[in-house]
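Undergrad: Input: one structure, supplied below.
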Amino acid sequence: MTAPITAGTPTGSIYDIGYRGYEGPRLGRAHAIRSLFGHSLRTAYGIGRGGRAKIAPFVLGALAILPAVAIVGVLTLAMRFGAGERIAEQSPIRYDTYFSTISTIVVLFCAAQAPELFGRDQRHGILSLYFARALRRSDYALARIGGFVAALLLMELVPQLVLFLGRSLLSPDILGAVRNDLPSIPPILIQGILSAGLLGGLAMTISAFTPRRAYATAGIIALFVIPGIVAGVIAGLGSSDIGNWLFLTSPSSVLDGTNAALFGAQLSSEFFFINLPDIAYFATAIAGIVGSVAITIRRFNRFTA
Amino acid sequence: MWTLSSRAGLPLGYPSGVALISLRSLTKQYPGGVTALDGLTVDIERGIVGLVGSNGAGKSTLLKILLGLIDATSGEATVFDMDVRTRGTDIRQFVGYLPEHDCLPPDASATDFVSHLALMSGLPRTAARERTAEVLRHVGLYEERYRAMGGYSTGMKQRVKLAQALVHDPRLLLLDEPTNGLDPAGRDEMLELIHRTGTEFGIATIVASHLLGEIERVCDFLVAIEGGRLLRAAPLGSFTEQTGTLAVEVEEGSAALAARLTAQGLEAIADGRAVLIALTDERPYDIVRDTIVDLGLALVRIEQRRHKLEDLFRDMPIPTGTAAAGVVSTGAGAASTGTGAAAAPVGEEGPQ
């Protein structure tokens, strides 16, 4: 607080140093893109926003990491009783199951947070301020999508890191355990990138088309849930061939497929009837990522600011 | 202050003799056949330039084309001698834009928002923060700059909009209706701010407005457009240096007064309750006084008007013949509803 000013006793002077020019560096487009990427990543977690904006992303982030923390805790206890090895192998929470374990949480995160980025900029007319700056429209779209995908990647990979550290450090033979787990790292990274890219890309594409938050959230959930149900129904009705291929319209089924292929595992029993070549899953995932980015860029190129 | 060495990395080196902004047959047609700009050709130099025209005249469209926010249908536009179609990002690094519409997220504070936009203009992080503090102080936002902008008054919002346009120290400011929604005091302050920014800091400024009385208070050059065509581009002085007008307002009988004055050799027309008389010397004052006494009219006021910018939107403000009188005598409303038809004869003067 400023000290109260008593009349008649001048306590100081206000110097109007006025407006000053800026002579420093202008880092241009690349800097603007990097900054917007970072801003999107932080905004996805509600950082730099009010307290309420942080609730949903932080709760979901905590839920995503919870299984990893829990299993590490169990392992710690088990180690005391000498049963650590067995539990580590038989635990239902492993590198290859983690993505599907938290997939619902990731979908909810997409539905809750993707509209925060694109929807907010459209709703409040901020786009024309971005587009009037050192950015191109495609830069804007890419930086926003990139930041959101990075946020998802964090959400998916940090628990895996916890799992990895827990398994290694709790093992009596740390080096051996690390060596044992090293082959799992490339599939974890690839699956993480595919998953974050596909779910994040699709969620951002939908939220790019409406300033209304509720519409975007509903659209994202619909896109992630309905195709799987439709494909399941059709497959269940007996036309398993069409049903099989229809599963490629369901993002989570596609990601289950790439996950199984990467970790050399069978698709879980509820999907026993899905029998598609591995390449179909990867091709669909990549097409989905490229397609959603392309559609989003096109959307903003045509946006009348 | 405007030297090559200290302004390194600027779009400055644009050749002398080339206008700050140069438009050549710029045309914009929106889908659905609306023509917002119709073959606009004009050069705009540094200074505070008023871009005047009624609603729908094409002012906002022109600013957006200069920013590369929308593409022209045909014709050319250059800013700093760079083509707006191909050098958009280079141009925009040095241009500040205050849009007409709302553009502030209600949940962010002015400080956070303006410094974020400074980064988007290419300023390093520390510089962005420092410039934000300076520029918000410059526009007159102090403690409230840390509060969420949703609670700001319209005046404060307009100030933030100006601040974000200034934060990266642009060489050119494009202000679209900067006094929109402000009360008279707020207008005065905003105009004063624009005037200071343009004159003291040497930032070339284009102020688009339909409020002509405001524009003439801050600008030294005027570009008037109507129906997407150029009405006139000239220094403000040449608009106001013209012969003045004497406006005589009477309770009733303005038509009779005009007729009587015309009969005595003055150029006079009735305009609602007022009679406008061309003022070339002192002679009309006495004639008007005597005529009013003769007719027994109730005089409300006699006022010497400079040529108001409204006159731009009229077909020949003080007609010499009776043909034009019909147009003007439709009353004061004619000023704001001036259309392409009224614009055409003046528009042929072309750029100067």
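Values in this text are rule-based calculations from the coordinates and carry no lab data. What you are looking at is a predicted structure, and each value in this text was computed from that prediction instead of being measured. Positions of Cβ are backbone-derived with ideal geometry, glycine not excepted, and every protein chain shown enters the neighbour counts.
Undergrad: Just grab the label-to-label distance for B:R147 and B:D290, each label 7 Å out from Cα along the Cβ direction, in nm (one decimal).
TA: Between B:R147 and B:D290, the simple spin-label model gives 6.5 nm.
Undergrad: Inside 10 Å of the C-beta atoms of A:117-127, what's the mean count of C-beta atoms belonging to other chains?
TA: 3
Undergrad: Per residue of B:101-107, count partner chain C-beta atoms within 10 Å of its C-beta, then hand back the mean as an integer.
TA: 5
Undergrad: Cross-link list B:K28/B:K161; A:K54/B:K161; B:K28/B:K64: which exceed 22 angstrom alpha carbon to alpha carbon?
TA: B:K28/B:K161; A:K54/B:K161
Undergrad: For A:T76, put the label point 7 Å out on the Cα→Cβ axis and report which residues of the range A:54-70 keep their amide N under 11 Å from it.
TA: Correct set: A:69-70.
Undergrad: Given a cut-off of under 8 Å on Cα pairs at least six residues apart, what relative contact order in percent is computed for chain A?
TA: Relative contact order of chain A: 22 percent.
Undergrad: For a Förster distance of 60 Å, can you work out the FRET efficiency between the beta-carbons of B:R273 and B:T73, rounded to the nearest 0.05? Walk me through the numbers on the way to the answer.
TA: Working: r = 44 Å, r/R0 = 0.74.
Calculated transfer efficiency: 0.85.
Undergrad: Please give, to one decimal in nm, the separation of the simple spin-label points placed at A:A294 and A:I174, each 7 Å out from Cα toward the Cβ.
TA: 4.9 nm
Undergrad: Using every Cα-Cα pair within the range B:160-226, state what percent have a distance larger than 20 Å.
TA: 21 percent
Undergrad: Would you please give the FRET efficiency between A:Q90 and A:S138, computed as 1/(1 + (r/R0)^6) with r the Cβ-Cβ distance and R0 = 51 Å, to the nearest 0.05? Please list the in-between numbers first.
TA: On the way: r = 49 Å, r/R0 = 0.96.
Taking R0 as 51 Å, the efficiency between A:Q90 and A:S138 is 0.55.
Undergrad: Helices from chain A with mean Kyte-Doolittle at least 1.0 and a Cα length along the axis of 27 Å or more, per DSSP H: which? Each step should come with its number before you reach the end.
TA: Working: long enough: A:51-80 (41 Å, 1.62); A:103-123 (28 Å, 0.36); A:137-170 (49 Å, 1.18); A:185-208 (33 Å, 1.59); A:213-236 (34 Å, 1.78); A:278-302 (36 Å, 0.83).
TM-like helix candidates: A:51-80, A:137-170, A:185-208, A:213-236.
Undergrad: Here's a follow-up. Over the Cα atoms of the range A:29-302, how large are the radius of gyration and the largest Cα-Cα distance (Dmax), in Å?
TA: Cα radius of gyration and Dmax of the range A:29-302 are 20.0, 64 Å respectively.
Undergrad: Right, next: When only alpha-carbon atoms are used, what values of Rg and Dmax, in angstrom, describe the range B:87-230?
TA: 14.9, 45
Undergrad: I need the P(r) histogram for the range A:64-200: all alpha carbon pairs, bin width 10 Å from 0 out to the longest distance, whole percents.
TA: 11, 34, 25, 16, 10, 4, 0
Undergrad: Among B:125-133, B:289-297, A:30-38, B:65-73, what's the highest-first ranking by average C-beta atoms within 10 angstrom per residue?
TA: My ranking of the peptides, most packed first, is B:65-73, A:30-38, B:125-133, B:289-297.
Undergrad: So, in nm, how far is label B:V18 from label B:V300 when the simple model puts each one 7 Å beyond its Cα toward the Cβ?
TA: With each label point 7 Å from Cα toward Cβ, the separation is 5.4 nm.
Undergrad: So if R0 is 51 Å, what FRET efficiency would B:A185 and A:F58 give, r being the distance between their Cβ atoms, rounded to the nearest 0.05?
TA: In this case the efficiency is close to 0.70.
Undergrad: Averaged over its residues, how many other protein chain Cβ atoms are within 10 Å of peptide A:26-39's Cβ atoms?
TA: 5
Undergrad: Quick check: Cα centre of the range B:169-247 to Cα centre of the range A:145-194, how many Å?
TA: So the two Cα centres are separated by 61 Å.
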